[in-house]
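Here's the structure we're looking at; comments come further down.
The values are calculated or read from the model by the stated rules, or taken from the named source; none is laboratory data. On a predicted model such as this, the values are computed, not experimentally measured, just so you know. Glycine also receives a Cβ, built like all others from the backbone with ideal geometry; neighbour counts cover every protein chain displayed. Each accessible area value is taken on the protein alone, full model and side chains, heavy atoms only, with ligands, DNA and RNA left out. Shrake-Rupley method; radii C 1.70, N 1.55, O 1.52, S 1.80 Å.
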Amino acid sequence: MKTNIALIGFMGVGKTAVGKALAERLNWKFIEMDLLIERKAGKTIAEIFRQDGEIAFRELEIDVTKEVSQGDNRIIACGGGIVLNQINIDRLKQKSVIIYLTASPIVILKRIQNSGDERPLLKTPDKTLKIRELLKIRKPLYEQVADIKVDTSRLNTDSVVGEVISKLKEHESFNLSK
Ligand code: S3P
């Protein structure tokens, strides 16, 4: 039986907002992986990318995934690139049901437009193109590892949480008593 929930998906699909709301609803602990990476590095994600590069960021991501994938009653919001290293997925899968949140590229663009410096991979003049390029590589990976998939494009946070909970109740490797 799985005792944790990991939220995966592209930047801007709502992993943090949904994760927080889900944690509140279930009275579980919410863990934001990006925040733990920043704490570990002693700098922001943007600074890590700028000063140390993406590979250094991915190494920190692997370390933090190892730390958070144990324990129980945890809602883990993963960074969008978590699927790029299979070891992360192997570790998460030990105890977590993997919930894949999706949104259309247009919706993603809208949601990330105001995030400023926060998302270094999208600090590029043609964000739409970048989103499409990254999605082309990542979509098959997200699809492959997901236990449950929810399209958030037309839903608010509460509706996504409702849908996640109803799908979790039907999931054979998860016992949601609430
Ligand atoms: C990344 C997504 C970000 C953050 C970093 C890299 C990615 O997290 O981990 O900027 O590779 O998609 P969010 O998905 O929470 O924005």
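Okay, here's what the table says:
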| quantity | calculated |
| --- | --- |
| Computed lengthening from residue 154 to residue 110, 0.36 nm per intervening residue step minus Cα-Cα distance | 14.6 nm |
| For residue 151, distant residues with modelled amide H under 5 Å away | 102 |
| Cα-only Debye scattering, the stretch 15-119: base-10 log of I(q)/I(0) at q = 0.13, 0.15, 0.16 Å⁻¹ | -0.51, -0.68, -0.78 |
| Residue-normalised accessible area of the chain, given per residue in Å² at a 1.4 Å probe | 51 Å² |
| Accessible surface of the chain, 1.4 Å probe, proportion on carbon and sulfur as whole % | 48 percent |
| Rounded D (µm²/s) - the chain, Kirkwood Rh over Cα pairs, Stokes-Einstein at 37 °C, 0.692 mPa s | 200 µm²/s |
| Qualifying trypsin sites (Lys or Arg not before Pro) for the stretch 66-163 [loop in DSSP, other Cβ within 10 Å: at most 11] | 154 |
| Long-range HN-HN contacts of residue 8 with modeled amide H, under 5 Å | 99, 100, 101 |
| Helix-only mean residue ellipticity at 222 nm for the chain, each DSSP H run of n ≥ 4 adding -39500 (n - 2.57), per residue, nearest 500 | -15500 deg cm²/dmol |
| Under the Karplus curve 6.51 cos²θ - 1.76 cosθ + 1.60, θ = phi - 60°, whole-Hz ³J(HN,Hα) for the stretch 132-145, x wherever Gly or Pro sits | 5, 5, 5, 5, 4, 6, 7, 3, x, 5, 4, 4, 5, 9 |
| Rounded if a/c under 1.5, otherwise prolate or oblate - the stretch 108-178, Cα gyration tensor axes | prolate |
| Cross-link pairs beyond the 25 Å C-alpha cut-off, checked among 110/167; 110/139; 2/29; 29/130; 66/110; 2/149 | 110/167; 29/130; 66/110 |
| Listed residues 52, 72, 34, most fluctuating in the chain (Gaussian network, C-alpha, under 10 Å) | 52 |
| Enclosed volume per residue, in Å³, of the convex hull spanned by Cα atoms of the stretch 92-148 | 100 Å³ |
